[in-house]
Structures are given as C-alpha cells and as structure tokens.
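Bear in mind these aren't lab numbers, they're just calculated from the coordinates by the rules spelled out. These numbers come from a predicted model, not from an experiment. Every residue, glycine among them, receives a Cβ derived from its backbone with ideal geometry; neighbour counts consider all protein chains shown.
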Ligand SMILES: Nc1nc2c(c(=O)[nH]1)N[C@H]1C(S)=C(S)[C@@H](COP(=O)(O)O)O[C@H]1N2
Ligand SMILES: [Mo]
C-alpha cells in the first residue's frame, strides 16, 4: 500500500536527487560558478545587513538624561473616550493584539506592568531636528508576540493609536526584525515615573534603531499582517502615507 506520506517522501527524495545531480553539473560550468559565487556574496551581504539590524542602539547613564523629554506631535489625544480613560488612570485601557496570530490578546495595563520589563536609557532622534535622552521602562514586545503566537504568514506589525493624524487614526508599522529586537519595548514608564500623557500614555512603542516618528504613542492595538497594502494609505504609516517619509527609518 502506498501511504500519502510514503508518496510525498519518495517524491521529495526524487526532487532532491535531481537537485544534487543538477548542482554538480552546474558547478562544472565556470560561468555559472561565478554567478553562484556572486549570489553567495549577496547572501553574505544580506546576512550582514540583518546582523547590523540586530545590533543594539547605544545606551546611556542617568547622568545623560535630558532635563525634560519634549513631547512632540500629539501631546494630548482629542476626544471624550481618551479623556475618560485618562481620568481613571487608564485602569480600563486594553491593549489588543490580533490579526495573524494564533491567540488574540486583550491585556490591561495591570497585566502588562506585571510582566517582565526592561529599562533602557536611549537617545530619541526626531527628523524635525531635535534629540532627547530618556529612560524607558516597558514590556519587551517579543514576550507579547510569544504569547500571541504569530502565524507563519505574519510579516509586519501595525500599531493603531488613540490619536488622529489628519482625517484618520495615527498608525505606524515595523517588520519582525525590529519587533523581536531586544530593545523594542512597549513602554509604560519614562524616567522612573508613569508615562506622561504628552509622551504617549498609557503605552508607547520604543523601537530604538529607528527615527522618532516610528515610535507610536497611545498604542491601543497591534495587528499582525501579511502585507501593508490595504491598511491606511498602504505605505505603512501616517507620515509615510501623507508626507512621503521613508517606511524604514533606521539609525
Ligand atoms: N500616536 C502618535 N505617535 C507619535 C506621534 C504622534 O503625533 N502620535 N509623533 C511621532 C513623532 S514625530 C515623534 S518625534 C515622537 C515624539 O515622542 P515624544 O512626544 O515622546 O517626544 O512620537 C512619534 N509618535
Ligand atoms: Mo518626530
């Protein structure tokens, strides 16, 4: 009897056998060999790029902290809904993680603060020409993604915010290299205090290898998606859609 597995197994063996003999023949051809070598060079460059993207952003000491961490863009989301949350110290705020995940999550601030956290002192660079050094405390995004379980098709995370940008909600997105970077956190604390409204209370993204506008404030939902097309204006963020800012703003 031929089982399905047996059939697939023998097909796979046949295919790899073909590949092997094909490889030997190709390697003998000098033109193809140099092409393969340049492809190998490409792979090495790609690997180096990924290694660079996993490198840590510089961290500083408390002595380096900026006296005040400027608030930029939205300083206080408009609307009664946010105001109602703010009035009770965001006790009912929920962070939703959904989209291409195995286990959608809805987490309270209390739950998030009870999770392991990371504290880091980093420099924030805004394209408008200012920088500030602040100490951020929050949950590593990786821990949340491990709980939610990303589907194989997930390639980006979209951060939906509670404030407006023109006619739509502010949003931003990152890829999974930044999502799993050890310094990427959802911060609920700044300079040893609860995160102020001006800087994104109750939750804001810190994605330390990128410029300021990628650091979404007032985060209420993280959606795992396959593609950025069909979300917002399709370019992955409010600034990207309306001002032509680069989607990848690595520093
Ligand atoms: N939701 C939301 N996130 C946002 C913004 C905003 O207006 N709304 N501004 C961005 C910009 S341009 C910068 S420089 C930083 C500013 O963060 P800060 O207010 O803590 O300085 O937040 C970014 N994230
Ligand atoms: Mo900015």
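Structure data summary
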{"read-out": "Matching residues, the range 70-97, being within 16 Å of ligand 2 (Cβ to nearest atom) and out of contact with any helix residue (DSSP H, G or I) (no Cβ under 6 Å at 6 or more places or on another chain)", "value": "70, 72, 73, 74"}
{"read-out": "Contacts under 9 angstrom Cβ, first residue in the range 123-149 being over 17 Å from residue 56 (Cα atoms), partner within 16 Å of ligand 2 (Cβ to nearest atom) and in a helix (DSSP H, G or I), 6 or more apart", "value": "126/212; 126/213; 127/212; 127/213; 127/239; 128/212; 130/212; 131/212"}
{"read-out": "Flag if residue 197 is under 20 Å from residue 95 (Cβ atoms) and out of contact with any strand residue (DSSP E or B) (no Cβ under 7 Å at 6 or more places or on another chain)", "value": "yes"}
{"read-out": "Output for the range 85-134, where each listed residue is crowded, with 18+ Cβ neighbours inside 10 Å, within 16 Å of ligand 1 (Cβ to nearest atom) and part of a loop (DSSP other than H, G, I, E, B)", "value": "90, 93"}
{"read-out": "Counted residues, the range 172-187 - those being assigned to a strand (DSSP E or B) and surrounded by fewer than 23 Cβ atoms within 10 Å (Cβ to Cβ)", "value": "1"}
{"read-out": "Filter result for the condition that a residue is outside any helix (DSSP H, G or I), under 26 Å from residue 55 (Cα atoms) and over 15 Å from the mean Cα position of the chain (by Cα), over 236, 230, 153", "value": "153"}
{"read-out": "Residue list for the range 196-216, filter: more than 16 Å from ligand 2 (Cβ to nearest atom) and either closer than 19 Å to residue 125 by Cβ or buried (at least 22 other Cβ atoms within 10 Å of the Cβ) (or both)", "value": "201, 202, 203"}
{"read-out": "Selection within the range 195-213 - in contact with a helix residue (DSSP H, G or I) (Cβ under 8 Å, 6 or more places away or on another chain) and under 17 Å from residue 182 (Cα atoms)", "value": "205, 207, 209, 210"}
{"read-out": "Of all residues making up the range 126-156, the number that are under 17 Å from residue 214 (Cβ atoms) and touching a helix residue (DSSP H, G or I) at 6+ places or on another chain (Cβ under 6 Å)", "value": "2"}
